C-alpha cells in the first residue's frame, strides 16, 4: 500500500465519521420518562351487613405510606 492510498483511506474514514456524527447531532433525544409516584394516602370503604343482627356496617381502612423517595434514588445516594 503506497502513501497516496493510505491518505485516501484515512480521509475517507474521517469524512464518514464526520457525516455520521452530523446525522446523529440532527436527531432529537428521547424524552426522559419519570415514574408516576404512588399516592401516600389511600382510603377504602367496604359496606357489609352483620349476619346476626342485620345491621348495616361500613368497614373503613386507611393506609399511609411513609416512603419519602423512590427506592432506586435512595440506593444511588448510598453508593
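Observations on the model:
- If the condition is being assigned to a strand (DSSP E or B), exposed (fewer than 10 other Cβ atoms within 10 Å of the Cβ) and modelled with pLDDT under 90, then the stretch 60-79 contributes 62, 64.
- Looking across the stretch 20-48 at every residue that is farther than 30 Å from residue 72 by Cα and surrounded by 10 or more Cβ atoms within 10 Å (Cβ to Cβ), the one that is modelled with the lowest pLDDT is identified as 48.
- Enumeration of residues in the stretch 1-38 that are farther than 30 Å from residue 65 by Cβ and either touching a strand residue (DSSP E or B) at 6+ places or on another chain (Cβ under 8 Å) or part of a loop (DSSP other than H, G, I, E, B) (or both): 1, 2, 26, 27, 28, 29, 30
The values are calculated or read from the model by the stated rules, or taken from the named source; none is laboratory data. This is a predicted model, so every value here is computed, not measured. Reconstructed Cβ throughout: ideal geometry from the backbone, glycine too, with neighbour counts over all protein chains shown.
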